[in-house]
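*Asks:* Here it is, the structure, as structure tokens.
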Amino acid sequence: MTARRAWAFLGVLSALMPLLAGCGRTGDEVVIGSKKFTESVVLGEVLKDLVADSGTPVRHRRALGGSRILFNALANGEIDAYVEYTGTLTHEILARSEPQDEAALVARLATDGIRMAGSIGFQNNFALGIPESRAAALGVASISDLKAHPDLRLRFGSEFMDRADGWPGLRDVYGLPQRDVRGVEHELAYRALGAGDADVTEVYTTDAEIAAYDLRTLVDDQGYFPRYDAVLLYRADLEQRSPLAVAALRRSLGLIDAERMIALNAAVKIDGRAEAEVAADWLRTRFDLAVAAPTEGRAARLLRYTLEHAMLVGVSLLAAVVVAVPLGILAAYRRRLGQSLLALVGILQTIPALALLVVMIPFLGIGAGPALVALFLYSLLPIVRNTHAGLVGIPATLRESADALGLSAGARLWRIELPLALPTLLAGIKTAAVINIGAATLGALIGAGGYGQPILAGIRLDDTGLILEGAIPSALFALAAQWFFERAERAAVPRGIRG
Amino acid sequence: MFVLDQVFKRYGQATALDGVTLAFERGRTTALIGPSGCGKSTLLRLLIGLLTPDAGSVRFDAQPLAAASLRRLRQRMGYVIQQGGLFPHLTARQNVTLMARHLGWSQARIAPCLADLTALTHFPADGLDRYPSELSGGQNQRVALMRALMLDPEALLLDEPLGALDPMIRYELQEELKQVFATLGKTVVLVTHDLAEAAFLAHTIVLMRAGRVVQVGCLTDLMTAPAEPFVEQFIRAQRSHLTEAVF
């Protein structure tokens with residue numbers, strides 16, 4: 001790449017940097033969070049509309065991730081409020097096996113600076129669901145009845161698979177014998193049941209799908225599942241910062257009963273309406289609240305996803321180039337150190353993206369931070385490896401010719417070796433960019449935005465159109481990056497060594 | 001110009017130079033010749049410091065080739081290898097002027113030098129902006145020669161410069177090289193395996209075998225007073241080429 005082009009490239013990337021800052025929080029804005037399932041997003045919208053109605057600036061960071069991520073975000077002050085479930089708080093977050101009464105829970109949360117204000121008005125308990133026809137054929141009515149059918153295929157959401165109050169405890173308490181048990185995205189489990197590819201999944205009792213897929217919920221005859229009251233959590237310091245917002249949030253207490261929640265869920269998941277719209281409609285009927293549901297057009301939405309995605313890819317890639325090229329040079333010059341270096345960046349590549357993202361949340365919070373670091377780490381290998389290969393592949397006679405001319409080691413590297421390695425080096429950056437564009441979609445799992453957001457929402461809502469809204473631009477973006485790097489190669493690589 | 005004193009060089013088990021003591025006179029052309037593996041290329045690479053001797057010393061203009069002074073001394077030598085060693089990502093012009101540009105020469109200083117060199121080597125001016133892959137083998141060697149001469153060095157080291165060329169081009173270039181050497185009057189050390197070429201181009205021939213110098217002299221010395229039977233054998237093996245070159 002010619003120097004001028006390289007600087008232009010840097011300029012574009014640094015222009016994207018402010019977007020990063022935009023992910024942080026500003027001044028007195030109240031931030032509502034939600035987990036990555038429909039009910040939580042709808043409740044997040046309800047909280048947001050209530051706060052907005054009080055005239056307080058508010059933002060909803062929707063579908064940020066699982067319980068642990070949301071709770072930590074609340075504890076760290078990245079969000080101010082969200083709706084949690086009491087059973088989850090007791091078992092998963094506070095890691096208590098015995099049920100806690102409400103007073104104990106309130107006292108415990110207060111030590112983290114968190115207020116548990118009370119119930120939204122419904123329970124969303126775990127239950128096991130099985131298609132009605134299948135249940136009737138097998139004669140299964142309670143969870144204990146499952147013991148007689150060891151061949152049933154069980155599909156659970158990944159969170160339920162792992163959490164203490166999920167499958168491991170259930171299996172032990174009931175002595176369930178099934179072997180074919182796998183973790184899938186909760187929403188996909190329903191679809192597997194519908195398609196006859198699975199038999200049993202966990203359901204949330206307010207899920208609209210229970211009716212839609214005609215599932216029988218099995219009786220918890222051993223009383224394994226705790227109560228999951230939906231409760232409002234907010235940061236204690238919000239009472240000082242914005243008493244108005246707290247008062248507004250408290251309007252949600254007792255607002256929605258189970259029947260209403262199922263209806264709201266169904267409006268989104270079965271009728272395909274937007275969460276914001278469903279929440280606003282309900283508040284309008286209930287409180288005569290004039291909520292201006294901000295509707296973002298498809299073009300504006302796509303532009304936002306594109307900018308977020310470009311920022312994730314651009315910044316992580318740029319940082320990777322800055323670090324990986326010198327590492328590649330070091331690896332080429334110090335052969336033994338080079339082997340260790342290549343092995344190390346190779347190992348980084350094998351860490352599953354999701355694990356890497358979640359591990360970094362305690363240090364970097366939610367949002368773009370961990371996603372950028374993960375993408376940066378994934379970009380290192382192709383660039384280090386190709387820089388190394390490009391340099392090592394230069395014939396010894398050329399290196400000697402440079403020496404014989406009287407060039408210093410630095411001049412030899414800059415004038416001879418790097419230009420000769422450039423085609424390989426650029427190919428490495430191109431590979432990293434294309435991998436990055438794909439991997440960046442995972443960033444949406446932790447609220448980093450980008451094309452992953454419509455993809456995840458589409459999976460959640462069983463909306464292929466929405467999935468494609470993320471998948472197609474992502475693919476086009478990858479193609480565009482490929483094209484860009486091929487052009488850059490043509491511009492930067494002299495005719496004499498073009499392949 | 002160059003003085004070697006009791007130089008030894010080994011590659012693992014194999015001895016490349018086995019106690020060579022030799023002086024190269026300023027302004028003279030010397031050819032190093034001998035069978036493959038006799039150490040002639042090793043000797044040349046020692047002269048420009050691409051190799052360092054295991055024992056003994058190599059001096060250039062009375063200064064030892066030490067790491068600290070090596071780069072400065074190399075800029076007073078030109079070096080051409082068999083396949084030219086041209087940088088494929090640079091045009092002929094960029095190859096030739098690389099070092100001058102690196103040293104910060106002005107365009108006003110570079111241009112006349114380049115013009116002189118293209119005239120000297122009969123290199124077509126329109127070839128200067130071509131890349132090595134776009135030039136013929138003979139032209140690549142002309143570019144390599146220009147690059148070696150660009151800083152007007154005191155010594156010129158050539159390692160089988162014509163070895164990879166076909167006979168017609170080779171013949172043509174031998175003529176040109178002889179003219180160039182005569183015009184410039186530099187100290188030239190040339191490695192070749194062809195006795196006719198050595199005799200045609202050099203004032204002095206150094207015949208080597210198994211890392212040792214067998215005989216130093218002109219062709220007539222080698223023919224009329226061979227130092228040992230190997231000299232006769234070597235000349236006999238090359239005789240067919242010799243008749244072609246001498247007459």
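*Asks:* Can you give the Rg/Rh ratio of the range B:200-240, where Rg is from the C-alpha atoms and Rh is the Kirkwood radius?
*Replies:* Taking Rh as the inverse mean 1/r over Cα pairs, Rg/Rh reads 0.93.
*Asks:* Hey, what number do you get for chain A at 222 nm if only DSSP H runs of n ≥ 4 count, each worth -39500 (n - 2.57), divided across all residues, to the nearest 500?
*Replies:* -18500 deg cm²/dmol
*Asks:* In debye, nearest 20: dipole of the range A:126-217 around its Cα centre with unit charges on the Cβ of K, R (+) and D, E (-)?
*Replies:* 280 debye
*Asks:* Still on this model: Considering only A:Leu348, A:Thr441, A:Val325, whose Cα is most displaced toward the positive end of the charge dipole of the range A:298-497, charges sitting on Cβ of Lys, Arg (+1) and Asp, Glu (-1)?
*Replies:* Positive-end residue among those listed: A:Val325.
*Asks:* What relative contact order, as a whole-number percentage, does chain B give when Cα pairs under 8 Å and 6 or more residues apart are counted?
*Replies:* 28 percent
*Asks:* Measure nothing fancy, just the Cα-based angle from helix A:275-287's long axis to the longest principal axis of chain A, in degrees from 0 to 90, nearest 10.
*Replies:* 30 degrees
*Asks:* When N counts the residues of the range A:180-246, how does its alpha-carbon radius of gyration compare numerically with 2.2 N^0.38 Å, as a ratio?
*Replies:* That works out to 1.67 for the range A:180-246.
*Asks:* Please list log₁₀ I(q)/I(0) at q = 0.20, 0.23 Å⁻¹ for the range A:126-217, using the Debye equation with identical point scatterers on the alpha-carbon positions.
*Replies:* -0.92, -1.27
*Asks:* A further question follows. How large are Rg and Dmax for chain A when only the alpha carbon atoms are used, in Å?
*Replies:* In Å, with Rg to one decimal and Dmax whole: 26.7, 89.
*Asks:* So, one more: How far is it, in nm, from the label point at A:Arg298 to the one at B:His203 when both lie 7 Å from their Cα along the line to the Cβ?
*Replies:* Spacing of the two 7 Å Cα→Cβ label points: 8.7 nm.
*Asks:* Using Cβ counts within 10 Å as a stand-in for footprinting exposure, how do B:Lys178, B:Lys186, A:Lys35, B:Lys40 rank, fewest first?
*Replies:* Ascending Cβ contact count within 10 Å gives the list B:Lys178, B:Lys186, A:Lys35, B:Lys40.
*Asks:* When a/c reaches 1.5 or more, the comparison of a/b and b/c decides; with that in mind, is the range A:277-359 rounded, prolate or oblate per its Cα gyration tensor?
*Replies:* prolate
*Asks:* For the range A:211-344, max minus min Cα coordinate along each principal axis, in Å, sorted largest first?
*Replies:* If we take the Cα atoms of the range A:211-344, the spans are 70, 46, 39 Å.
*Asks:* Separate question: Return the single residue from B:Leu207, B:Leu149, B:Leu165 with maximal mean-square fluctuation; model: Gaussian network over chain B, springs between Cα atoms under 10 Å.
*Replies:* Maximum among the listed residues: B:Leu165.
*Asks:* Using 10 Å bins from zero, what percent of all Cα-Cα pairs in the range A:304-460 falls into each bin?
*Replies:* In whole percents, the pair-distance histogram is 12, 35, 28, 16, 8, 2, 0.
*Asks:* According to a simple spin-label model (label point 7 Å from Cα along Cα-to-Cβ), what is the distance in nm between A:Ala95 and B:Glu154?
*Replies:* Output for this residue pair reads 7.8 nm.
*Asks:* Right, next: What order do you get for A:Ser144, A:Ser252 when you list them from fewest to most C-beta neighbours inside 10 Å?
*Replies:* A:Ser144, A:Ser252
*Asks:* Ok, one more. So if I take the centroid of the Cα atoms in the range B:47-90 and the same for the range A:300-351, what is the distance between those two points in Å?
*Replies:* Spelled out, the Cα-based centre of one part sits 39 Å from the other.
*Asks:* Considering Cα pairs under 8 angstrom that are at least six residues apart, work out the relative contact order of the range A:298-497 and quote it in whole percent.
*Replies:* 26 percent
*Asks:* Now a separate question. What whole-number distance in Å separates the alpha-carbon centres of the range B:123-163 and the range B:1-34?
*Replies:* Using only Cα atoms to place each centre, the spacing works out to 25 Å.
*Asks:* With respect to the cross-link table entries A:Lys36/A:Lys269; A:Lys36/A:Lys430; A:Lys35/A:Lys430; B:Lys40/B:Lys178, which display a Cα-Cα separation exceeding 25 Å?
*Replies:* A:Lys36/A:Lys430; A:Lys35/A:Lys430
*Asks:* Could you give me the radius of gyration and the Dmax of the range A:86-166, taking only the C-alpha atoms into account and expressing both in angstrom?
*Replies:* Rg then Dmax for the range A:86-166, in Å: 17.1, 51.
*Asks:* Within the range B:198-241, name every residue whose backbone N is under 20 Å away from a label modeled 7 Å from Cα of B:Ser36 along the Cβ vector.
*Replies:* So the set is B:198, B:207-212, B:233-241.
*Asks:* Please quote Rg/Rh for the range A:453-499 to two decimal places, taking the Kirkwood radius as Rh and restricting both calculations to Cα atoms.
*Replies:* 1.37
*Asks:* Three principal axis extents, largest first, for the C-alpha atoms of the range B:158-211, in Å?
*Replies:* The Cα atoms of the range B:158-211 stretch 31, 27, 16 Å along their principal axes.
*Asks:* Can you give the extra length, in nm with one decimal, that the chain gains between A:Glu259 and A:Thr306 once fully stretched, where that is 0.36 nm per residue apart less the Cα-Cα distance?
*Replies:* Length difference between fully extended and current span is 13.1 nm.
*Asks:* Once you have all Cα-Cα distances for chain B, histogram them in 10 Å bins from zero and send the whole-percent values.
*Replies:* 7, 31, 35, 21, 6, 0
*Asks:* On alpha-carbon atoms, Rg over Rh for the range A:401-473 using Kirkwood Rh?
*Replies:* Reported Rg/Rh, Kirkwood definition of Rh: 1.42.
*Asks:* Ok, one more. Which one, B:Ser136, B:Ala66, A:Pro395, is farthest towards the positive end of the dipole of the protein assembly as shown when Lys and Arg carry +1 and Asp and Glu -1 on their Cβ?
*Replies:* B:Ala66
*Asks:* How compact is the range B:49-168 by the rule of thumb for globular proteins, expressed as Cα Rg over 2.2 N^0.38 Å?
*Replies:* 1.13
*Asks:* Could you list A:Leu47, A:Leu348 so that the one with the fewest beta carbons within 10 Å of its beta carbon is first and the one with the most is last?
*Replies:* Fewest-to-most ranking of A:Leu47, A:Leu348: A:Leu348, A:Leu47.
*Asks:* Can you give the helix-only mean residue ellipticity at 222 nm for chain B, where every DSSP H stretch with n ≥ 4 adds -39500 (n - 2.57) and the sum goes over all residues, rounded to the nearest 500 deg cm²/dmol?
*Replies:* -12500 deg cm²/dmol
Only the coordinates and a few stated rules stand behind these numbers; no lab work does. Owing to the predicted nature of the structure, the values given are computational and were not obtained by experimental measurement. Please note: Cβ atoms are built from the backbone with ideal geometry, for glycine as well, and neighbour counts cover all protein chains shown.
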